[in-house]
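Undergrad: What follows is a structure written as structure tokens; I'll ask about it next.
The values are calculated or read from the model by the stated rules, or taken from the named source; none is laboratory data. From a predicted model like this one, the values you see are computed outputs, not experimental measurements. As a convention, Cβ positions derive from the backbone with ideal geometry for all residues, glycine included, and neighbour counts pool all protein chains shown. Calculation scope for accessible area: heavy atoms of the full protein, side chains included, ligands and nucleic acids excluded. Shrake-Rupley method; radii C 1.70, N 1.55, O 1.52, S 1.80 Å.
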Amino acid sequence: MKKALSFIMVCVMLIMLVSCTKETENKPVAVVTVNGEIVTQAEIDYFKGKFKAELINDYIEKYSVEYTSDFWQTEFDGKTPEEALEEKALEESIMAKIQFVLMKEEGIFEDITYEGLYKKAEDFNKANAGKEGVVGLKSIKMSQFYTYYLQTGVMELKNIYAEDKLKPTDSEIEKKINEIEKQNDGDILQQDYENLAKDKLKTEKYEAFITEIRKNAEIKEVV
């Protein structure tokens, strides 16, 4: 009887251990926090995949090397390509997170987690699968879903901010118009100059705003 009970207890413990292991495997692995918001390894891996080919080409051109099996572990100016790619991907992930947080604040997206945005793209594709006569975007490439939501979200943020907290002043617009006029032959209508100036200011002021947030951001490594 005791042996039977012991066997049952061992089985229960094994089941619990497997269950906990699976639960842990499914949980996003946090790497750093940006002003308290988690950046996961999945986000970093996404950008590593996005910039991998670009980095290889940059190194081949800059250092006149060939891509070999030990490329990623070879040091160039004191740093391996693997380390450079990790750093670039981490920085891109941090910048993305900063902007996604702002999108959430403005009601553009509700769930700004990597997993949440992935599911959002999946749901969009399922909802439009087989539909005919769909106007606009019909499907989102799952290999690019994060970039898609980042870019579309940034466009919305720029438009929102351009009418509110980053709205250009009349003097800023006038100054930008003068800059554009000097760079052109004068064959553009005045209204077009104004629209072009506002569009440039929208981007410039937004980028400066994000850069300032990044400069003052509190980045903490998750131990």
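Undergrad: Could you tell me whether LYS200 is open to solvent by 80 Å² or more (accessible area, probe 1.4 Å), at negative phi, at pLDDT 95 or above and part of a loop (DSSP other than H, G, I, E, B)?
TA: No.
Undergrad: Something else: Condition check: free of Cβ contacts under 8 Å to residues at least 12 places away in the same chain, over 30 Å from PHE47 (Cα atoms) and either surrounded by 14 or more Cβ atoms within 10 Å (Cβ to Cβ) or of a type in the set (S, T, N, Q) (or both). Does ASN216 satisfy that?
TA: No; evaluated as a whole, the condition is false for this residue.
Undergrad: Additional query: In the range 59-91, what residues are touching a strand residue (DSSP E or B) at 6+ places or on another chain (Cβ under 9 Å) and outside any loop (DSSP other than H, G, I, E, B)?
TA: Of everything in the range 59-91, those that are touching a strand residue (DSSP E or B) at 6+ places or on another chain (Cβ under 9 Å) and outside any loop (DSSP other than H, G, I, E, B) turn out to be TYR59, LYS62, TYR63, ALA84, GLU87, LEU90.
Undergrad: Select, from THR169, THR152, the only residue that is of a type in the set (S, T, N, Q), closer than 23 Å to PHE209 by Cα and surrounded by 14 or more Cβ atoms within 10 Å (Cβ to Cβ).
TA: THR152
Undergrad: Pick from ILE173, ILE213: which is β-branched (Val, Ile, Thr), assigned to a helix (DSSP H, G or I), closer than 27 Å to VAL32 by Cβ and in contact with a helix residue (DSSP H, G or I) (Cβ under 6 Å, 6 or more places away or on another chain)?
TA: Being β-branched (Val, Ile, Thr), assigned to a helix (DSSP H, G or I), closer than 27 Å to VAL32 by Cβ and in contact with a helix residue (DSSP H, G or I) (Cβ under 6 Å, 6 or more places away or on another chain) holds for just one of ILE173, ILE213, which is ILE213.
Undergrad: Let me ask something else about it. Could you please let me know if GLU91 is open to solvent by 70 Å² or more (accessible area, probe 1.4 Å) and not aromatic (Phe, Trp, Tyr)?
TA: So GLU91 does not fit the description; no.
Undergrad: Scan the range 116-149 residue by residue and report those that are open to solvent by less than 80 Å² (accessible area, probe 1.4 Å), of a type in the set (Val, Ile, Thr) and not in a helix (DSSP H, G or I).
TA: The answer is VAL134, ILE140.
Undergrad: Moving on to the next point. Could you list all residues from the range 85-138 that are at pLDDT 95 or above and among the acidic types (Asp, Glu)?
TA: Across the range 85-138, the qualifying residues are GLU86, GLU87, GLU91, GLU92, GLU105, GLU106, GLU110, ASP111, GLU115, GLU122, ASP123.
Undergrad: Moving on. Filter the range 44-64 down to residues that are loosely packed, with under 15 Cβ neighbours inside 10 Å and of a type outside the set (D, E, K, R), then give me how many there are.
TA: 6
Undergrad: Let me ask something additional. Any idea which of (1) farther than 30 Å from TYR149 by Cα; (2) surrounded by fewer than 15 Cβ atoms within 10 Å (Cβ to Cβ) is the one PHE71 doesn't satisfy?
TA: That leaves (2) as the condition not met.
Undergrad: Report yes if LYS158 is out of contact with any Pro (no Cβ under 6 Å at 6 or more places or on another chain) and part of a helix (DSSP H, G or I), otherwise no.
TA: Here the answer is yes, as LYS158 does meet what is asked.
Undergrad: Also: With respect to ILE112, determine if the residue is in a helix (DSSP H, G or I), aliphatic (A, V, I, L, M) and either under 12 Å from the mean Cα position of the chain (by Cα) or more than 26 Å from ILE213 (Cβ to Cβ) (or both).
TA: no
Undergrad: Identify the residue in the range 172-194 that is open to solvent by 80 Å² or more (accessible area, probe 1.4 Å) and of a type outside the set (D, E, K, R) and, among all such residues, is modelled with the highest pLDDT.
TA: Selected residue: GLN183.
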